[in-house]
Amino acid sequence: MSEQATEQLDPIPEQPQDGWYISRRGFLIGVAATGAALALGIPLGLPALRRTAAGLTEGDAGGFASGTLDPFIWFKIYPDERVRIYLPKAEMGQGIHTALAQIAVEELEVSWDQLEILHASTSQADGNFRGTSGSMSVTTLYDPLRQAAATLREILRAEAVRVLDQPAGNLVAHDGAFQQADDPGNRITYGALVAGATQWQIPEGEIPLKSPSEYKVIGQPVPRVDLPAKVTGQAIFGYDARVEGMLYGAAVHPPAIEAKMRSARPGQAAGMPGVVQVVIEDDFAGVVARSRPQAFAARSALEVEWDEGHPWQQAELEELVSVGGRGGVSIQREGNALSILKEDSTVVAEYRSGMAAHATMEPQAALADIGSGGGRVWTSTQFEMNERRDIAAALDLEPEQIEVIPTYLGGGFGRKIPLSSVPSAGIEAARLSRAVGAPVHVGWDRFEEMRNGFVRPLTHHRLAARLDDQGQIEAMHHEQASGDALFGGFPQAVAGIVGFDFGSTRGAQIPYALPHREVTAWRRPMPIPTGSWRGLGLMANIFAIESFLDELAAEAGMDPLQFRLAHLPEDALGQRMRAALEAAASRAGWGGALPEGRAQGLACGLDGGTVVAEVAEISLDTDAGRIRVHRVVAAVDPGRTINPDGARAQIEGSIVMGTSAALLEEITVKDGRIEAGNFDRYPLLRMSEAPDVETILLEAPDGKPRGLGEPPIGPIAPAIANAFFALTAVRLRHLPMTSDRVQEALGA
Amino acid sequence: MEITVNDRIYEVDSEPDRPLLWVLRDELGLTGTKFGCGIGICGSCEVHLDGAATRSCITMLSSVEGKAIRTLEGLSSEGNLHPVQQAFLDEQVHQCGWCMSGQMMRAVALLEENPAPTDQEIETAMSANLCRCGAYGRIKRAVARAAEIQAPAGGDS
């Protein structure tokens, strides 16, 4: 730290007991009563929005924030040396609390055991931009977190300069203290600085951040911060939330995908054991009881009549989600692929992917304690602000009257994003709590979880390409149709303007360098609620494109690896794809001898700048039509890895979940109803069926961290399908590749 | 009636056909045991009855009288993690963690019956429990590691 920065320090004119001061560089500085705690926060995180919200531009002077401007993320340092980091991110198993803590600690220079990581409630931190999805948490917070942590450290340094009477440049920050560089015994801890300070000074100059070569915490396999509580059973999930005197609720849910409640009567429910109250309001019917089994039993006794709507059949839905006709939007166009392919296509193939459930092991759950003026809701959610908005609207309250306290999530995968087209455990608990005047917990059973949520939409793909004389792809067209993946949660006006659902088209673009390439997307809203599922369109689109690449390689008579390498772009991204493909192929022994009855398949994928290449090794039980995936080698380049062990866990998990989805999982509709109700009809992959996953982590030269939770789920299905082709010379073009479909394809 | 959970006796007055799972979680506040499917398929609710891994979601209260019930909360003693908990922590197995109570209880029951299981025996026993986050590789490693931690020093296992 240079002397110059000290000169730029700007004293805070007044020190509020409770509130935030906006620094000129856009941070929020909070100073509690003298000697109590020092806090520093980042408002919103997105610079443009942050300036708009603060009514400031970079050139403006700082000032005190109004009551509505709360930080997005903040740190708090206490006199007893505890350091709290309040995060706007849900921990659902992806290790995000650990990764973000590593990023912060790198610049803050505190020891790992001083840390407490908290997921802030909606009242502790405002901002409608909170939410955990899209593998974007590390990407978006890497810079702001380091800048905020460095700023906080320099605020502390300025005070240490005064107390230790040393120039700033002679003080080294280490393990939560400043020490004199040439006399480490002369030191003062952050806690002592906080306890003794009467006046903080805020550095307004540019604070240099560490170069990656200096990193001590980022890039290390630090153990997860949430696991000690999880191995002992002390971690609290939404289903586990408890308060004194709470009751249990259950609400009636539609039996069919288009069902609307016509009427509801209490029937025998009110007199059943343990029942406290039957609540029937408008199109809502539920019960409150002293125990959960009593609530479930009483719910079954309610007399409800439904208008079931159209008795949709699976085939009708598939016909609905088909490419062609009006409404196609071009989302990638180079050259004139359409006219070339109209003349003559060498290869044409169609692919489909089915609907899928998220099957989070923890079903939807919320505890609400609501009085006339509002109240609190504890719930497992990826979007606590939307949860608050929806609950407040359902109760005819203002959002500020509801505090949503996020808990740990027993799995998310997109399902714990509130969607107005499906019932919400938070709203149900809140309505029942208000009606009965006591805290009420609503935890769905597995049947509700399977049948009353939203699903991954159907997709349909038609691919066409022409090869030139050398077997190079001259032109390629990917036509893609999908139910909504993101737009299910959007206002229809917005959806109408954009025209295509940019969630369902994740992975739909052709990443290879071809003279003529075109992608056309059709948005096909479905009568069944659809929404985000890990990776959104990624799995279906990469299945189609990477299976088709394999078909083209076969047509050209080329090895699938060489064929891909021959079509890579000649830029930095192409280099990264080459590195990933070669690394995965090399580790997997691509082209080498395999045990009898085994074959390998290869696929590659891009998502949000993360590059993934996977090789799957399979065998086939021909009689049963069952594919067994023995081994998957994944080479993943997320740019920069914050926690390599956490990264490997995400890759392993993505690939196992992706294998499960690719082979087994399908939601089907019959007579307007979802057929599966539990894991008997919706099997998940078990340990005995799961592949061994070997992971190679690569880093991009630019060193920018990118997402990891979703990208590896893209290439697994085509890697399996391509291995199946290598084994049998038969193509599987419909996900999931169930034993029925395998047997059908083999002509059994 | 009285039930014995983690060596402690509790008086409960629930109806006899109430699933043990809800008695543990909602009446005794032992929320370490999780609900997953309610029909005995997924294993999230696994506890021990006289040492045997048992699905508490389909076990009626009336059937557990006089039996020793053990839950995740009863695994560690005096702040010391059970070897299975320690191994799951060492291998950083948990992702979301919801199924892991059942996974760890199943692993403990396996190792009590078979202190030195082969990889195949681990896979057979642990395939009864679902993990949506896909942590199977780490679960397998952690169970093997727990067996090593438990093996008596100088033993041949």
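Bear in mind that the values in this text are calculations on the coordinates, not laboratory data. None of the values given here were measured: they were computed from a predicted structure. Virtual Cβ from ideal backbone geometry, glycine too; neighbours counted across all protein chains shown.
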Quote the relative contact order of the range B:83-150 in percent (integer), defining contacts as alpha-carbon pairs under 8 Å separated by 6+ residues.
53
Expressed as a whole number, the average count of other chain Cβ atoms within 10 Å around the Cβ atoms of A:680-689 is 5
Dipole of the range B:83-150 [Lys/Arg +1, Asp/Glu -1 at C-beta], most positive-end residue of B:149, B:111, B:130:
B:130
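Using Cα pairs closer than 8 Å and at least 6 residues apart in sequence, work out the relative contact order for chain A, in percent. Mind dumping the intermediate values first?
Numbers: 1754 pairs, mean separation 94.8, N = 748.
Relative contact order for chain A comes out at 13 percent.
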Taking the Cα centroid of the range A:660-676 and of the range B:108-146, what is the distance between the two, rounded to the nearest whole Å?
29
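For residue A:283, what is the net charge nearby, where nearby means another residue's Cβ is under 10 Å from its Cβ and Lys, Arg count +1, Asp, Glu -1?
Values: positive: A:260, A:262; negative: A:281, A:282.
My count for the surroundings of residue A:283 gives 0.
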Take every DSSP beta bridge with both residues inside the protein assembly as shown and express the antiparallel ones as a percent of the total, to the nearest 5.
75
Explain nothing, just compute: Karplus ³J(HN,Hα) = 6.51 cos²θ - 1.76 cosθ + 1.60, θ = phi - 60°, for every residue of the range B:84-89 in order, whole Hz, x for Gly and Pro.
5, 4, 4, 5, 5, 6
Distance between Cα centroids, the range B:36-100 to the range A:87-114: provide it in whole Å.
29
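Can you tell me how chain B classifies by the Cα gyration tensor, rounded, prolate or oblate, using a/c under 1.5 as the rounded cut?
Numbers: a/c = 1.99, a/b = 1.57, b/c = 1.27.
In terms of gyration-tensor shape, prolate.
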What number, rounded to the nearest 500 deg cm²/dmol, is the helix-based mean residue ellipticity at 222 nm of chain A, given -39500 (n - 2.57) per DSSP H run of at least four residues and division by all its residues?
-8500 deg cm²/dmol
Around residue A:594, what is the net charge, scoring Lys/Arg as +1 and Asp/Glu as -1 over all other residues with Cβ under 13 Å from its Cβ?
0
Projecting each Cα onto the charge dipole of the range A:192-303 (Lys/Arg +1, Asp/Glu -1 at the beta carbon, about the Cα centre), which of A:237, A:201, A:289 comes out farthest on the positive side?
A:289
Using Cα centres only, tell me the gap between the range A:151-216 and the range A:332-354 in whole Å.
61
Over the range B:2-74, what relative contact order in percent results from Cα pairs under 8 Å that are six or more residues apart?
41
About the Cα centre, and with charges only on the beta carbon of Lys, Arg (+1) and Asp, Glu (-1), how big is the dipole of the range A:155-201? Nearest 20 debye, please.
140
Averaged over peptide B:41-49, how many Cβ atoms belonging to another chain are found within 10 Å of each residue's Cβ?
2
Highest-first arrangement of A:111-124, A:648-661, A:425-438, where packing means the average Cβ count within 10 Å
A:648-661, A:425-438, A:111-124
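For each pair in A:416/A:704; A:210/A:230; A:230/A:416; A:89/A:416; A:76/A:210, compute the distance between the two Cα atoms and list the pairs where it is over 24 Å. Walk me through the numbers on the way to the answer.
Working: A:416/A:704 28 Å; A:210/A:230 33 Å; A:230/A:416 20 Å; A:89/A:416 13 Å; A:76/A:210 22 Å.
Violating the 24 Å limit, Cα to Cα: A:416/A:704; A:210/A:230.
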Indicate the gyration tensor shape class of the range B:2-74 (rounded, prolate or oblate), computed on the Cα atoms with a ≥ b ≥ c the square roots of the eigenvalues: a/c under 1.5 is rounded; otherwise a/b larger than b/c is prolate and the rest oblate.
rounded
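Suppose every Lys and Arg Cβ carries +1 and every Asp and Glu Cβ carries -1, with no other charges. What dipole size does the range B:2-74 come out with about its Cα centre, to the nearest 20 debye? Mind showing how you got there, number by number?
Numbers: 7 positive and 12 negative charges, 73 e Å.
Dipole magnitude for the range B:2-74 comes out near 360 debye.
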Using the Cα centre as the reference, give the magnitude of the dipole from point charges on the C-beta atoms of chain A (Lys, Arg: +1; Asp, Glu: -1; all else neutral), rounded to the nearest 20 debye.
900
With Cα springs under 10 Å, the Gaussian network model of chain B assigns the largest mean-square fluctuation among B:67, B:140, B:34 to B:67
Among rounded, prolate and oblate, which fits chain A when a ≥ b ≥ c are the square roots of the eigenvalues of its C-alpha gyration tensor, a/c under 1.5 means rounded, and a/b larger than b/c means prolate?
oblate
Mind checking which of A:464, A:399, A:453 is farthest towards the positive end of the range A:341-478's charge dipole, using Cβ charges of +1 (Lys, Arg) and -1 (Asp, Glu) about the Cα centre?
A:453
Tally the DSSP beta bridges in chain B and give the antiparallel ones as a percent, rounded to 5.
85
